[in-house]
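These notes concern the structure reproduced below.
The values are calculated or read from the model by the stated rules, or taken from the named source; none is laboratory data. Bear in mind the structure is a predicted one, so any value in this text is a computation, not a measurement. Here the Cβ is made from the backbone with ideal geometry for all residues, glycine too, and neighbour counts use every protein chain on show.
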């Protein structure tokens with residue numbers, strides 16, 4: 001069942017991998033939210049001029065400007081600085097996590113990830129999913 | 001400009017049993033975990049820190065292909081149909097330029113056997129195309145395992161995008177580079 005417009009959030013993913021963007025779209029839709037997908041810093045910043053998402057998943061390695069620099073731009077912009085940013089990276093190294101925190105990111109997720117990790121993160125920063133969505137991936 | 005949102009077009013509702021819906025949900029979850037993992041293997045080819053040599057690319061491709069085969073083997077319909085890599089390749093043998101049964105050991109691609117074939121650098125692209133063909137068939141089996149036609153449609157699109165990315169990355173491998 002789709003969520004009501006009030007509880008439906010807009011979640012942005014910035015990743016140069018089409019596959020990651022597609023997986024994120026499937027997860028976010030399954031949770032009943034909307035997704036905005038962008039593949040580069042330029043696209044992301046351009047989209048953020050038009051859309052203020054409720055949560056941003058940001059890949060650390062992007063063509064042009066990297067995710068950490070985009071995060072700093074977001075955190076320096078009064079209109080969008082309140083939006084939580086989650087860094088996605090292919091490395092679980094402490095250095096990346098620290099750099100993410102320093103750039104203003106709220107959290108860090110290491111790829112590959114499980115849908116459950118994304119769900120928990122979405123619920124932490126956007127509130128609980130619609131009860132109809134609960135246990136959506138529970139195995140029989 | 002951001003990509004269009006995933007379409008939410010209402011389609012004719014299907015009548016699926018609760019069991020079928022639950023099975024689809026479980027398969028969707030497993031497929032997401034699986035795809036997220038193999039995407040990280042594929043990313044190696046795009047990494048600027050790694051040389052795009054045939055030897056490294058072949059090792060990654062074998063790793064990826066064996067993960068896919070392992071995943072498909074666990075699907076109920078594959079189990080029921082007694083799926084095996086050997087049977088799959090035997091059935092499709094005339095369509096492979098280089099790939100043969102000699103490249104399979106213990107139900108998986110053998111990196112050593114493939115390396116022997118790829119000793120001639122020019123064969124790298126031929127054999128990688130053959131392996132991509134196998135991946136395509138395996139992922140199509142995964143898609144068919146969904147009961148819901150909407151999920152089949154979604155996953156067909158997602159896997160097509162993934163395979164296109166892998167194919168493009170493999171094309172960038174320089175057969176003349178040695179490591």
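Here are a few things to note about the model shown:
- Whenever a residue of the stretch B:94-117 is farther than 11 Å from residue B:66 by Cα, its partners that are not in a helix (DSSP H, G or I), lying with C-beta atoms within less than 7 angstrom and at least six residues away or across chains, give the pairs B:103/B:109; B:103/B:110; B:113/B:105; B:117/B:98.
- Among the residues of the stretch B:118-133, those identified as touching a residue at least 24 places away in the same chain (Cβ under 8 Å) and either exposed (fewer than 15 other Cβ atoms within 10 Å of the Cβ) or not in a loop (DSSP other than H, G, I, E, B) (or both) are B:122, B:123, B:124, B:125, B:126, B:127, B:128, B:129, B:130, B:131, B:132, B:133.
- Qualifying residue in the stretch B:101-116 (condition: within 20 Å of residue B:168 (Cα to Cα), part of a helix (DSSP H, G or I) and either out of contact with any strand residue (DSSP E or B) (no Cβ under 6 Å at 6 or more places or on another chain) or modelled with pLDDT of 95 or more (or both)): no
- Residues that are in contact with a helix residue (DSSP H, G or I) (Cβ under 8 Å, 6 or more places away or on another chain) and within 15 Å of residue B:59 (Cβ to Cβ), drawn from the stretch B:88-120: B:103, B:108, B:109, B:110, B:111, B:113, B:114, B:115, B:117, B:118
- Residues of the stretch A:1-25 satisfying the condition of being over 13 Å from the mean Cα position of the chain (by Cα) and facing chain B (nearest Cβ under 9 Å): A:2, A:16, A:17, A:18, A:19
- Where residue B:96 falls short, out of the listed (1) out of contact with any strand residue (DSSP E or B) (no Cβ under 9 Å at 6 or more places or on another chain); (2) closer than 30 Å to residue A:25 by Cα; (3) modelled with pLDDT of 95 or more: (2)
- Summed over the stretch B:1-39, the residues that are within 13 Å of chain A (Cβ to nearest Cβ) and at pLDDT 90 or above give a count of 23.
- Within the stretch A:26-140, helices (runs of 4 or more DSSP H) holding 2 or more residues that are within 13 Å of chain B (Cβ to nearest Cβ) and over 23 Å from residue B:40 (Cβ atoms): A:41-48
- Only one of the numbered conditions (1) more than 11 Å from the chain's Cα centre (by Cα); (2) modelled with pLDDT of 95 or more is violated by residue A:36, and that is (1).
- Any hit, the stretch B:46-68, residues being modelled with pLDDT of 95 or more, within 14 Å of another protein chain (Cβ to nearest Cβ) and under 18 Å from residue B:29 (Cα atoms): yes
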